[in-house]
Amino acid sequence: MDGNGKLPFITFSAIPGIPCVGAGACLKYCYSFKSWRYPDAFFKQLQNLYLLKTTLGRATIAQAFDALPAGRDLRLYVDGDFDSFTTMKFWFELLETRPEVPVYGYSKSWELLLLWDKLGRKFPTNYWLNASSGSRYGPDMLAKIKKLSCYRGTFDALPVDYKMPVKADEPQAWQAWAKALRNIAKSKGYGKVFVCPGKCGNCIPDGHACGSSRFQGVPIVIGIH
């Protein structure tokens, strides 16, 4: 799927929930379920999950991936996650065929990622992993995830008292909100963090932090309320 005003990337989504094998507390505040009020969004997610499960469907996805322009970012996934080792294998082998296409994503399927590494498989050099909070796994497994070559950093949702102002509309209010969120992060033991402004694509002058090697190891935080 092509991008939109909030997410100016090529994107791929699948049904959230059951296919998200590493999901834990995140299911309580998952925004993906809210999209189901639009039937088109639900059926596109369902269609993509079906495509991933069939030989013809995977060939259709591969054909679409092969047609992507070089240098255009792909977010994998927006909704859903790697639901199985077979699905992850399909994606990683596909990404390796187009190293000129930068790909990033958020995942809680840590057990699958560690199995891939344990088997001696190489991660695609064009893929950046954001280990997102709300996983059912604990800090011991996260410590192992941080050693993977594809690891960019964590993406953590932190509790905050009120909704994030729109940065473009209320820059001063957003700065105050971001400062409060940084203080919350500090109180929880974080060091330097990057506050997500909510709109992807231009959060840094040359692109976006979640897909940038310059932000490798830097936690990116956003608020939940």
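Here, each number is a calculation from the coordinates, and none is a lab measurement. Everything numeric in this text was worked out from a predicted model, so none of it was measured. Positions of Cβ are generated from backbone atoms using ideal geometry, with glycine treated the same way; all protein chains shown enter the neighbour counts.
In table form, for the structure just shown:
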quantity	calculated
Which listed pairs, of Lys146/Lys186; Lys147/Lys192; Lys44/Lys147, have C-alpha distances above 29 Å, in listed order	Lys44/Lys147
Which listed pairs, of Lys108/Lys188; Lys122/Lys167; Lys89/Lys188, have C-alpha distances above 30 Å, in listed order	Lys122/Lys167; Lys89/Lys188
Inter-probe distance in nm under a simple model that places probes 7 Å from Cα toward Cβ, at Thr54 and Thr97	1.9 nm
Partner aspartates and glutamates for Lys34 [C-alpha distance under 12 Å; skip if fewer than 8 residues away on the same chain]	Asp79
Nearest-ten-degree value, helix 39-52 long axis tilted from longest Cα axis of the chain	50 degrees
Inter-centroid distance (Cα atoms) of region 193-225 relative to region 69-113, Å	19 Å
Radius, Kirkwood style, for region 1-149 when every pair of distinct Cα atoms is counted (Å)	15.8 Å
Calculated FRET value between Lys186 and Lys144, using beta carbons and R₀ = 35 Å, to 0.05	0.85
Extension reserve of the Lys118-Lys199 stretch, reckoned as 0.36 nm per residue once the Cα distance is removed	25.6 nm
Gyration tensor verdict on region 98-147 (Cα atoms; rounded if a/c is under 1.5, prolate if a/b is larger than b/c, oblate otherwise)	oblate
Folded to 0 to 90 degrees: helix 55-66 orientation relative to the chain principal axis, Cα	60 degrees
Exposed chymotrypsin sites (Phe, Trp or Tyr not before Pro) absent - longest run of the chain, DSSP non-H/G/I/E/B, at most 14 other C-beta within 10 Å	30-161
